[in-house]
Structure formats: C-alpha cells, structure tokens
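The values are calculated or read from the model by the stated rules, or taken from the named source; none is laboratory data. Bear in mind the structure is a predicted one, so any value in this text is a computation, not a measurement. Ideal geometry is used to build each Cβ from the backbone, glycine not excepted, and the neighbour counts take in all protein chains shown. Just so you know, the surface numbers come from the protein's heavy atoms only, side chains and all, with ligands and any DNA or RNA stripped out. Shrake-Rupley method; radii C 1.70, N 1.55, O 1.52, S 1.80 Å.
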Amino acid sequence: MRVLRIFGVGMMVLGFILSGMGESLGAEKKYPTKPINVIIPFAPGDTDNNLRPFTDKMAQYLGQPLNFVYKPGASGAVGAGFVASSDPDGYTLVGSQQSCLVLVPLTQKGLKYSLKDFIPICGVAGGYNVISVQKGARWKTIQELLAEAKKNPGKISYVSGSGALGITTLVAEAFFKEAGVKLNLIPAQGSGPAVTAILGGHTDAVSSQITPTFPHIQAGTLRPLVVSTEKRVSTMPDVPTHVELGYRVNVPSLYGLLAPKGTPKEVVEALALAAKKAAEEHKGAIEASLSKAGMQISYTGSEGFAQFLKSQDDYWTKTVTTLDLKL
C-alpha cells in the first residue's frame with residue numbers, strides 16, 4: 001500500500017509538471033492574443049502608407065490586426081519615446097524609417113531614449129528623399145536653384161516634412177551645406193502637411209520622402225529636382241542624384257518595425273516572420289501598392305535592419321555637427 005501511495009503521489013506531481021509545461025508551451029503559442037498597436041510618430045501620409053501594405057497582410061499570419069496609432073510631434077520623438085518606455089510585450093511597436101530613431105537622439109537634448117532602447121524587428125519598404133518645386137517654378141533644374149540661392153542667401157524657402165531636425169530636413173541641409181548655399185527652412189510635422197504647403201504656394205521648394213510627393217510628380221503639379229540616392233531611380237530616370245552631381249549625401253530610407261528593448265526574442269521572430277511571409281506571398285499586391293508611391297519592397301530581418309540603422313547612426317554622428325542648425 002505504501003508503494004502504491006508513493007506511486008500515486010509521484011504520478012500527481014508528474015501530472016502537475018506536465019500540466020505546467022503544457023500551459024507554458026500554450027502561452028508561447030498564444031502571441032499575439034490581442035491587437036498590436038503600431039505607433040506612427042508622424043502625421044498621416046508617409047510612414048503609414050509605406051507600412052500598411054505589409055501590416056495589413058501580417059495580420060493573416062499573426063491572427064491579430066496591427067492597428068496604427070498616430071503620435072506625431074518633436075520630429076517623431078513623441079511617438080518613438082512613447083514606445084521606448086512601453087512594456088516590452090510585443091503589443092506596442094514603432095513604425096518608422098531612421099529619422100526619429102537615429103537623427104532625433106543626435107539632435108535633441110534631454111531625450112529619454114536612443115537607438116539602443118529598441119530592438120529592430122524588420123525593414124520592409126525602401127525609398128529616398130526628394131527635393132521638388134511647383135511645376136510653374138522658375139527653376140527647371142537643381143543647378144538653377146542652387147545658383148540663385150548662392151546669389152541670394154536665405155531668400156529661397158523650403159518646407160521639410162519631418163520637423164526642424166528630422167531626416168527630410170537634415171538630408172536637405174547636408175546637401176545644401178556641401179553645395180555652399182543657405183535656404184530658409186520652414187519645418188512641418190509630417191510630409192503630408194509639407195506637400196500641402198508647397199502646393200499652396202506657401203514655400204518655394206519641399207524636401208520630403210518620396211511617398212507623399214510621388215502622386216503629384218506623376219500628375220505634373222510638382223517637379224522633382226534631385227534625389228538622395230547614389231544611382232538614379234527607375235520611377236524618375238530623368239532626375240539626377242546627389243552623388244551624381246558630386247555631393248557625398250547618399251541617404252536611402254528604410255521603413256520598418258521596432259519593439260522596445262527587452263521584448264522576447266520569440267516575439268520579435270514571430271513578427272519578422274509574418275512580415276517576411278507577407279512580402280513573399282503577397283509580393284504582387286504589395287509591389288503594386290508601393291509603386292504608386294515610388295517605393296519598393298526591401299525586406300530585411302532583424303539583423304539586417306539593425307546593421308542599416310547602425311550605418312545611418314555612424315554617418316549622421318559625423319555629419320550632423322557640421323550643419324548650421326540649432327541643436
């Protein structure tokens with residue numbers, strides 16, 4: 001009887017252990033059990049449009065929707081800072097390119113976050129910056145605009161879509177610095193408002209990511225003068241690049257998703273895998289959507305996205321201090 005009792009107790013203990021293991025494994029498989037919030041740190045019209053073709057499809061593989069929550073302000077610092085201080089449980093992510101992740105921590109004092117406070121999940125959409133003018137502007141080329149800017153420092157204005165110290169501002173300022181000219185900056189909280197300003201004739205030029213300007217370029221209401229890439233882009237083969245014109249400002253953009261530091265590895269992997277499947281299995285639909293904005297699929301996993309952000313951090317750490325800005 002004693003042996004039977006011991007055996008019975010042993011079986012009960014084993015049952016509890018197996019039950020606990022089952023619950024643990026079940027818990028791992030449950031993520032996500034509720035909708036995931038993707039914080040967009042800028043106004044609608046750019047970042048959200050580049051990420052939505054992927055996040056809409058990712059829901060198919062995750063079993064939960066990815067909802068956009070807009071928190072613009074301070075060149076993206078408001079939204080990025082919110083995510084950096086959020087619980088690292090995989091339910092609050094930030095969607096952005098390198099602007100508020102790399103540039104803002106380098107240019108704004110007193111921020112409570114830096115690139116090290118995030119875990120890159122994946123990069124998904126590739127693009128670039130473009131400087132454009134209205135179709136009726138007197139400058140037909142970027143060389144003509146630069147020539148007039150040299151003769152009249154500060155007389156030509158441009159609006160930037162990422163605030164006073166965001167990527168669209170710093171790319172333009174780095175380019176103008178190398179060209180030896182000074183334009184009057186008008187910052188805007190988002191590329192959408194920036195494009196509205198140029199279309200309304202409130203400024204002479206606009207520096208923005210390609211997404212919000214591309215439809216207007218195709219429609220002929222905006223004229224692109226120069227892009228921030230090394231080689232010409234297929235969607236605008238007649239537009240010269242910074243590098244082609246002899247300037248060293250080669251700044252591509254990569255939009256992606258990041259989680260707060262401390263987010264479990266399995267959660268990051270689940271999100272990255274969902275994005276990868278979306279890019280592969282819905283390639284045609286996503287490419288069709290992105291091409292309308294002059295963008296392309298540029299999927300890279302956590303490690304690749306981290307390397308890209310590190311390279312941008314290295315470049316801007318050296319460059320930003322040379323610019324004539326109030327940091």
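Here are a few things to note about the model shown:
- Cα-based helix-to-principal-axis angle, 302-319 vs the chain, degrees rounded to 10: 40 degrees
- Table column - 3J(HN,Hα) (Hz), the range 128-143, Karplus curve with 6.51, -1.76, 1.60, x for Gly and Pro: 6, 9, 9, 9, 10, 9, 5, 4, x, 5, 6, 9, 8, 9, 5, 5
- 3J(HN,Hα) couplings calculated from phi for the range 214-231 with the Karplus curve 6.51 cos²θ - 1.76 cosθ + 1.60 (θ = phi - 60°) are, in sequence order, 4, x, 6, 5, 5, 6, x, 7, 10, 10, x, 10, 7, 10, 8, 10, 7, 10 Hz; Gly and Pro show x.
- Segment THR317..GLU269, full-extension length gain: 14.3 nm, with 0.36 nm per residue of separation and the alpha-carbon distance subtracted.
- Cut-off 12 Å, label 7 Å out along Cα→Cβ of ARG248, residues of the range 164-190 by amide N: 178
- Near the amide H of VAL226, within less than 5 Å, lie the amide hydrogens of ILE131, all on another chain or at least 5 residues away, with H placed in the peptide plane.
- In order along the range 91-104, phi translates into HN-Hα couplings of 9, 9, 10, 10, x, 6, 9, 6, 3, 7, 8, 10, 6, 4 Hz, rounded to whole numbers, per the Karplus curve 6.51 cos²θ - 1.76 cosθ + 1.60 with θ = phi - 60° and x for Gly and Pro.
- Taking every DSSP helix (H) stretch of at least 4 residues in the chain, weighting each as -39,500 (n - 2.57) and dividing the sum by the residue count yields a mean residue ellipticity at 222 nm of -14000 deg cm²/dmol.
- Stretching GLU287 away from ARG232 to a fully extended chain increases their span by 17.9 nm, per 0.36 nm per residue minus the current alpha-carbon distance.
- With the cut-off at under 17 Å, measuring from each backbone N in the range 222-266 to a point 7 Å along the Cα-to-Cβ line of GLN307 picks out 252-255.
- Mean accessible surface per residue for the range 181-237, computed with a 1.4 Å probe while every protein chain stays in place, in Å²: 40 Å²
- The range 163-269 shape via C-alpha gyration tensor axes, a/c threshold 1.5: prolate
- Size of charge dipole - the range 119-175 - debye, nearest 20, with Cβ of Lys, Arg +1 and Asp, Glu -1, no other charges: 280 debye
- Relative to the dominant Cα principal axis of the chain, helix 265-281 is inclined by about 60°.
- Shown for the chain: the carbon plus sulfur share of the solvent-accessible area, taken with all protein chains present and a 1.4 angstrom probe, equals 56%.
- Between the amide H of ILE186 and those of TYR158, VAL159, SER160, distances stay under 5 Å, these residues lying 5 or more places away or on another chain, with hydrogens modeled in the peptide plane.
- Taking all protein chains as they are arranged and a probe of 1.4 Å, the heavy atoms of LYS310 leave approximately 110 Å² accessible to solvent.
- Charge context of THR263, other residues only, Cβ under 13 angstrom, K/R +1, D/E -1: -3
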